[in-house]
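J.: I'd like to ask some things about the structure below.
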Amino acid sequence: MTRAGWLLWAAVAFGLFGGGLSRERYLAVDRALDQGRSTTVLDAVRAYVTNDGDVRRYFAYAQAERGRPYPAYYVRSQEEWRRAFARSEPYDPDAWPTVVPPRPLVPYRDYLVEYPPGFFLAALPPTWLTSDADAYVRWFETYMALALTAALWLVTWSLRQLDGRPLPSATVAAWAALALLLLGVVATHRYDAVVALALAVGIAGLAGRRPLVLGAGLGTAIALKATPVLVVPIVVLHAVRERRCRDVLLLCLTVLGSGALVSLPWLLPAGQHLAAVFHYHADRPVQIESTWGALLGLLHALGLGTAEAELTYGSINVVAPAARILAPLATVVTAGGLLAVYAVSWRRLAAGSAAERGRAALEASAAVFAVFVACGKVASPQYLVWILPLGVALSLTAPRRVCLVLFLLSMALAQAVYPVAYRSLEELQAGPCLLVLARNLTLLAWGILLLRRGYRAAERGGRSAVGWGR
């Protein structure tokens, strides 16, 4: 299985997931399917793996930033988007013209970008190779597949360094290929694979006890997607428990420095307009794939409440009287869950060898993301890409195989929700809402199981000599 695992990974990441249709051909196949006309199996499969709406949004942002022709639907100011949401504007990017700007536009100032500035590290490189939208999609998918491949290799290497035992990369690659196939094309058709790579660099820094590498990886991940900032307390606690105070300082400075360095080219021109990104996400309602949105949808389907789904803020969200209460409640529950993970991690990091403490930090980091997805008001399937390499490697090396089963099940449920049952979910039917709840709770159970295993070991071992809490 020396090569078979990696060949299987390449077949999925580069072959199947890179085999989508051009926009024109996709629209033709989609019309044929909607009208009940037959199409070839190959075209149907290729249409399924096309799923390029987000990639074309990235293309528009990058083209506008470079002063090139861009699809007008995606490139608007914050106020223009608010007016579009208010009038329930339908999603139809193909009905909008292509605009030739008189000059390069400034992201955040001239048009809203709902991602942090580091996003352009993922969006811009393919534009150096092409200015054609279809070609951009292909290059972008290849870029993301390469990023995820590198992340998988780095995570495997890191766990070998920590555990000091053989962990065949081809075996990890084979199981990761299965996880990738179960999760679906969001893995390479969103820019979250670059976030996974940045996190993998940080993991390699933690395994090699190199705070500068750890800080650079985390800082870049934060600049790309912001949410990885939730991992910073874990790695700080890890360094504190090992009495490496100098490393804590280096780590924090490197996180801030690398995040600023990555963001600077877009941060300086945008200035105060960058605040629009935070307002945008603060205003987001309860998303339909969150636990809270699924609960509202399920209650509606059972006749126990009223709710409706609407397309705003780039996602399908749930509007209901209770949503105003659940949105802040989601923040409170998420904060409580994260604090619980940090508290358990502090206890776990007090016992065991250096290798066990390093693994505990990685398991706690995975649990942090599980809590964020399961408890937050937004829970898109691409968030699972962040932990796909780490999740597979941790699950394979866990004492109980149930960890691997739960992780793979959460991936499969994610694709069952999106895109398989998504149209029914938009109609707030009970079945898809239950699928969302099952996905989120399965992922949460996986994260808890990782923490619980190590917590029991810490309880048996007591406080070790490296702990500060004696």
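The values are calculated or read from the model by the stated rules, or taken from the named source; none is laboratory data. Just so we're clear, the structure is a prediction, and the values are computed from it rather than from any experiment. Note that each Cβ is placed from the backbone with ideal geometry, even for glycine, and that neighbours are counted across all protein chains shown.
J.: Where in the stretch 217-329 are there helices (runs of 4 or more DSSP H), lying fully within it, with 3 or more residues that are free of Cβ contacts under 8 Å to residues at least 24 places away in the same chain and farther than 30 Å from Ala151 by Cα?
T.: Values: elements: 232-241, 245-270, 275-282, 291-301.
Of the helices (runs of 4 or more DSSP H) lying wholly inside the stretch 217-329, none has at least 3 residues that are free of Cβ contacts under 8 Å to residues at least 24 places away in the same chain and farther than 30 Å from Ala151 by Cα.
Residue by residue, here is whether (1) in contact (Cβ under 8 Å) with a residue 60 or more places away in the chain; (2) surrounded by fewer than 18 Cβ atoms within 10 Å (Cβ to Cβ) holds:
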position: Gln415; (1), (2): yes, no
position: Pro419; (1), (2): yes, yes
position: Glu427; (1), (2): yes, yes
position: Cys433; (1), (2): yes, no
position: Ala438; (1), (2): no, yes
position: Leu444; (1), (2): yes, no
position: Gly447; (1), (2): yes, no
position: Leu450; (1), (2): yes, no
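J.: Tell me, please, whether a residue that is within 22 Å of Pro168 (Cβ to Cβ), in contact with a helix residue (DSSP H, G or I) (Cβ under 6 Å, 6 or more places away or on another chain), surrounded by 24 or more Cβ atoms within 10 Å (Cβ to Cβ) and at pLDDT 95 or above can be found in the stretch 369-378. I'd like the intermediate steps shown before the answer.
T.: If we filter the stretch 369-378 for residues that are within 22 Å of Pro168 (Cβ to Cβ), which is where we start, we get none.
For the stretch 369-378, residues within 22 Å of Pro168 (Cβ to Cβ), in contact with a helix residue (DSSP H, G or I) (Cβ under 6 Å, 6 or more places away or on another chain), surrounded by 24 or more Cβ atoms within 10 Å (Cβ to Cβ) and at pLDDT 95 or above: absent.
J.: Sticking with this structure for a sec: Specify which of the listed residues (Ala176, Ala150, Ala193) is surrounded by 23 or more Cβ atoms within 10 Å (Cβ to Cβ), assigned by TED's automatic domain parsing to the domain that holds Lys225 and under 23 Å from Val262 (Cα atoms). Steps first, answer last, please.
T.: Values: Ala176 fails: under 23 Å from Val262 (Cα atoms); Ala150 fails: surrounded by 23 or more Cβ atoms within 10 Å (Cβ to Cβ).
Among Ala176, Ala150, Ala193, only Ala193 is surrounded by 23 or more Cβ atoms within 10 Å (Cβ to Cβ), assigned by TED's automatic domain parsing to the domain that holds Lys225 and under 23 Å from Val262 (Cα atoms).
J.: Does Ala379 meet the test of being in a helix (DSSP H, G or I) and either free of Cβ contacts under 8 Å to residues at least 12 places away in the same chain or within 26 Å of Ile316 (Cα to Cα) (or both)?
T.: The answer is no for Ala379.
J.: Related question: Suppose we filter the stretch 393-413 for residues that are surrounded by fewer than 16 Cβ atoms within 10 Å (Cβ to Cβ) and touching a residue at least 40 places away in the same chain (Cβ under 8 Å); how many remain?
T.: Initial filter on the stretch 393-413 (surrounded by fewer than 16 Cβ atoms within 10 Å (Cβ to Cβ)): 399-402, 405.
In the following step, the residues that additionally are touching a residue at least 40 places away in the same chain (Cβ under 8 Å) were identified as 399-400, 402.
The number of residues fulfilling the criteria is 3.
J.: When you scan the stretch 266-283, do you find a residue that is among the charged types (D, E, K, R) and surrounded by 14 or more Cβ atoms within 10 Å (Cβ to Cβ), even just one?
T.: Step one: filter the stretch 266-283 for residues among the charged types (D, E, K, R), giving 283.
Of the ones still in play, those that are also surrounded by 14 or more Cβ atoms within 10 Å (Cβ to Cβ) are none.
No, that holds for no residue.
J.: Right, another one. Is it the case that Tyr108 is touching a residue at least 12 places away in the same chain (Cβ under 8 Å), surrounded by 17 or more Cβ atoms within 10 Å (Cβ to Cβ), in contact with a His (Cβ under 7 Å, 6 or more places away or on another chain) and not assigned by TED's automatic domain parsing to the domain that holds Val319? Give the steps one after another, and end with the answer.
T.: Details: touching a residue at least 12 places away in the same chain (Cβ under 8 Å): yes; surrounded by 17 or more Cβ atoms within 10 Å (Cβ to Cβ): yes; in contact with a His (Cβ under 7 Å, 6 or more places away or on another chain): yes; not assigned by TED's automatic domain parsing to the domain that holds Val319: yes.
Yes, satisfied.
J.: Within the stretch 155-173, which residues are surrounded by fewer than 22 Cβ atoms within 10 Å (Cβ to Cβ) and touching a residue at least 12 places away in the same chain (Cβ under 8 Å)?
T.: Taking the stretch 155-173 as the starting set, the residues that turn out to be surrounded by fewer than 22 Cβ atoms within 10 Å (Cβ to Cβ) are 157, 160-161, 163-171.
Within the stretch 155-173, Trp157, Gln161, Asp163, Gly164, Leu167, Pro168, Ser169, Ala170, Thr171 meet the criteria.
J.: Look at Arg68 and say whether it is surrounded by 14 or more Cβ atoms within 10 Å (Cβ to Cβ), at pLDDT 90 or above and part of a loop (DSSP other than H, G, I, E, B). Write out each step before concluding.
T.: On the way: surrounded by 14 or more Cβ atoms within 10 Å (Cβ to Cβ): yes; at pLDDT 90 or above: yes; part of a loop (DSSP other than H, G, I, E, B): yes.
The answer is yes for Arg68.
J.: Just give me the residues in the stretch 11-26 being assigned to a helix (DSSP H, G or I), surrounded by 14 or more Cβ atoms within 10 Å (Cβ to Cβ) and in contact (Cβ under 8 Å) with a residue 40 or more places away in the chain, in sequence order.
T.: Val12, Ala13, Phe14, Leu16, Arg23
J.: For Pro117, indicate whether it is touching a helix residue (DSSP H, G or I) at 6+ places or on another chain (Cβ under 6 Å) and either at positive phi or part of a loop (DSSP other than H, G, I, E, B) (or both). Talk me through it step by step, then tell me what you get.
T.: Details: touching a helix residue (DSSP H, G or I) at 6+ places or on another chain (Cβ under 6 Å): yes; either at positive phi or part of a loop (DSSP other than H, G, I, E, B) (or both): yes.
In short, yes.
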